[in-house]
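Working notes, structure below.
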């Protein structure tokens, strides 16, 4: 017996993707809000803003040398990963 097309499945998949995208956006906003002020600024400047500040300019803006900047950037990423509840973003060394 012939089967109908998969139009219903395509529409359902599109709806599911949009709902998931909304959940991701909400989780990102919540995770950013839970970070401390320095971490939030760093994450937004480097990853979110339309200008996406390069690391060397962000280091200058914050007044940090490379080692200290990397410390704060890693800390910011860990704070974000700890607060992002939709998926586990942690990566562990072996």
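The values are calculated or read from the model by the stated rules, or taken from the named source; none is laboratory data. Because the structure is a prediction, the values reported are computed rather than measured. We place every Cβ from the backbone using ideal geometry, glycine too, and count neighbours over all the protein chains shown.
The residues on offer are 76, 61, and the sole one that is assigned to a helix (DSSP H, G or I) and either touching a residue at least 40 places away in the same chain (Cβ under 8 Å) or surrounded by 14 or more Cβ atoms within 10 Å (Cβ to Cβ) (or both) is 76.
Considering (1) over 16 Å from the mean Cα position of the chain (by Cα); (2) in a helix (DSSP H, G or I), the lone condition that residue 93 does not fulfil carries the number (2). Residue count for region 50-69 satisfying the condition of being out of contact with any helix residue (DSSP H, G or I) (no Cβ under 9 Å at 6 or more places or on another chain) and more than 17 Å from residue 32 (Cβ to Cβ): 3. Is it the case that region 30-49 has a residue that's in a loop (DSSP other than H, G, I, E, B), modelled with pLDDT under 95 and either surrounded by 10 or more Cβ atoms within 10 Å (Cβ to Cβ) or touching a strand residue (DSSP E or B) at 6+ places or on another chain (Cβ under 6 Å) (or both)? Yes, because at least one residue in region 30-49 is in a loop (DSSP other than H, G, I, E, B), modelled with pLDDT under 95 and either surrounded by 10 or more Cβ atoms within 10 Å (Cβ to Cβ) or touching a strand residue (DSSP E or B) at 6+ places or on another chain (Cβ under 6 Å) (or both).
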